[in-house]
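What follows is calculated from the coordinates using simple rules that are stated; it is not laboratory data. Everything numeric here is computed off the predicted structure, so don't read it as measured data. When we count neighbours, we look across all protein chains shown, and the Cβ atoms used for this are built from the backbone with ideal geometry, even at glycine.
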Amino acid sequence: MADPARSHLEPLDSRESRKRKREAWLIVFLAILFVVLTVAEFRLTELSNTLPFVNSIFFFGLLNVNIIILVALVWLVFRNIGKLFLERRRRVLGARLKTKLVIAFLGLSIIPTLMLFVISATYINSSFDKWFSLKIQNTLQASLEITRTYYRNTEQTAMHFAEHIGNGIARRLSRLAIYDPLSFTGDAPAWISSHISAQRELLALDAVEFYRDPLEERLLAGRASQEIPGIYPRLALDLLERAFAGEKVPVIQHVGTGDLIRCLAPVRAGGIGPVIGVVVVSAYIPVSLVNKVDEIRDVFNDYKDTNPLKYPMKTTYLVILIMITLVIIFVAIWIGLYIARELTVPVERLVQSARAVGAGNLDVSVSVSGHDEISVLVASFNKMTRDLRENRERLTQASGDLERRRLQLEAVLTNVGAGVIAIDSAGRITTYNPAAGKILQVSPSDAISKHYSEVLKDESAPIGEIVGRAFAAPLGPLRKDSFTSEVAQVTLKIGGLVRTVSAVATPLRETDAHWGVVAVIDDITHLIKGQREMAWREVARRIAHEIKNPLTPIKLSAQRLQRRLGHYRGTEGDLLQECTDTIIKHTDELKEMVNEFSNFARLPEASPALHDLNAALAEVLALYQQAHPAIQFKPAFESKLPRFEFDREQIKRVAINLLENAVAALSSAPAGKARSVTIVTHYNDQLQIAVLEVADNGPGMSDEVKARVFEPYFSTKAEGTGLGLAIAKRIINDHDGFIRVHSAPGEGTRFLIELPASARDGSLGKR
């Protein structure tokens, strides 16, 4: 999304910079075109030596193009001046300063520029008149003729010496008695090398060569100095073949930085016979002389070619001079505008950026270049906006961090099992997690922002008292160990449930002021029940151990008394029989109770196997239907319940305990009321859980009884041991299941059991 402040600066920055760039590219293009055309005018003679009429036409074309470029530059100059006066009329910021600077630069540049133009035009006219005079032409032509004569004389001299040396070689060969000129074969005699060396030194030649054959190695005698190169290249084969054909061949080669004049003269046997060799004499023209000759030749050719273009060239030079003058004026105006823009544009940008910052946009920056006072001011402004932006970003980041931490804390408080309540110094609740709402039965929306005394009342009053004591704690010296907490374990009856809650209230403070209180409450009902169950198991184990041992001797002693004294008749005999029967009967009852204790303290390990739950329950139900015909048993077994692994005997014992409790509860039902027990099974396919429900329509349970129904040795029956449901709960726990009770006075009781029905590994009961 576009930034409003940056779009506000767009008319000044982007549009102006684009116009400046277009003008700059146009000036660069015209300047390059001007340079190219000027170079083309100077090189025209070399391009078209034989077409003077075409040269004239081309010159006129270039002249017209230069005039077009001149008009373009004049237009650019007057366009900038007109733009400047238009800005002044519109009262654009900085227009007056721009006008003053442009006039100052124009005044400083136009006077010397006009003086330079007048002097240069006068010099061009006089120079062209002198350059194209007849006297200069004759002088250049005579100089060129002198150079040609010098090269021609050097060539003739070299050819003469080549013939002279060749004749000497031919005469020497003819004087040798053993030599036949017509059979001159094999390598050249050794004396020829000495001969050409001696002749080179005698005649002061640069180099002398002798070729026996165009394809064979040559004999070379040459001198080397700083001016003469030490290597004389071998002559081309076509030149040697012409010389061996009897032709005198002169050639000029460019070697190193100078010219080498080489003359090839054939050597004939006897002076008039066949050619038996070639003598080559070389004369070196040093670089200084060669350059002078080339300069004279080039100057003469340039003068001869440019003479027809005297007036077009003069006009071109004048146009170039006028263009340079206009370019100087244009540059002066451009520099004035540039300096004015460098002064006014940053100020205008600062004003607009300051307005944007005032509107709340800190993402503005003014471009700066240079090291003057305005640049320092712009840099300071940019630093200020950057610091403000960074501070805002840090604040935003800190706010985001705080928000993330708050969300993390909320997530922790939402998922923690303990209830957390934070209260500020005014007593208002600021934090109240769902666990606290579940324990106290007050939703967070009804507790947040309220005084803790309005929420922690009635059933929750003990928690409010703990918080109040934390608020009333005296303020002592602030130390690490000075934060004392109010800790208490209270029993709450909320929503029909009796809960044992551990509450901790800790004051939050700094120096001599309270910040508030944090209260943590945890439902430890199940923990207390587990501890109580463990304690009762230990008690049961010890009772079973201490009582079971003397029961057997007591029973045996009573039976022995009956056998030994059974012949007594009368009152004493009846009394003895009654006492011994009572001892034996109560001994059996004590043994049965001890067995119950022993079973509760140490149940046998479960032996899971693949069984049908419905079939196991049907066996137990059949027994109770026969034993209690006055009670209507209503089975509702789900046929799709799969077979799964469980300990058949232990689950049947659980069913027996539940049915026993149901039958006992129905025995106290009012007369005439239909008594029924419902046994239901069903299967949760998604969770893979088998569910067993045993419900009766008896008198139900109170909340106090329901809270302790699974505790060991707790029973509402006069003759009960209070271990049946405790054993049932432990069996279900060993099967990784759950057992719950739902009951209310006058509404009957319903036990709900959930057992995992997925594939098992046979590890039940191994804890």
## Note on the structure
The ³J(HN,Hα) series, computed from each phi in segment 209-223 with the Karplus coefficients 6.51, -1.76 and 1.60 at θ = phi - 60°, rounded to the nearest Hz and given as x for glycine or proline, is 10, 10, 10, 6, 8, x, 9, 8, 5, 8, 9, 10, 10, x, 10
#### Entry: Among 324-333, 685-694, 499-508, the order from most to least packed when residues are scored by Cβ within 10 Å on average
499-508, 324-333, 685-694
#### Entry: Inter-site label distance for LEU388 and GLN688 at 7 Å from Cα along Cβ, in nm
6.5
### Message
Please compute the modelled spin-label separation between ILE111 and SER639, points set 7 Å along Cα→Cβ, answer in nm with one decimal.
### Response
12.4
## Note on the structure
Counted neighbours (other Cβ, 10 Å), sorted fewest up, put PHE117, PHE751 in the order PHE117, PHE751
## Note on the structure
Here the FRET efficiency for GLU241 versus ARG148, based on Cβ atoms and R0 = 35 Å and rounded to 0.05, is 0.80
### Query
With a 10 Å Cβ neighbour count serving as the proxy for reagent exposure, in which order, fewest first, do ILE753, ILE68, ILE727, ILE335 appear?
ILE68, ILE335, ILE727, ILE753
#### Entry: GLY277 long-range amide H proximity, modeled H, under 5 Å
VAL267
### Burial ordering of PHE471, PHE646, fewest other beta-carbon atoms within 10 Å first
PHE471, PHE646
### Query
How large is ³J(HN,Hα), in whole Hz, for each residue of segment 258-268 in order, when computed from phi with the Karplus curve 6.51 cos²θ - 1.76 cosθ + 1.60 and θ = phi - 60°, using x for Gly and Pro?
x, 10, 10, 8, 10, 10, 9, 10, x, 10, 9
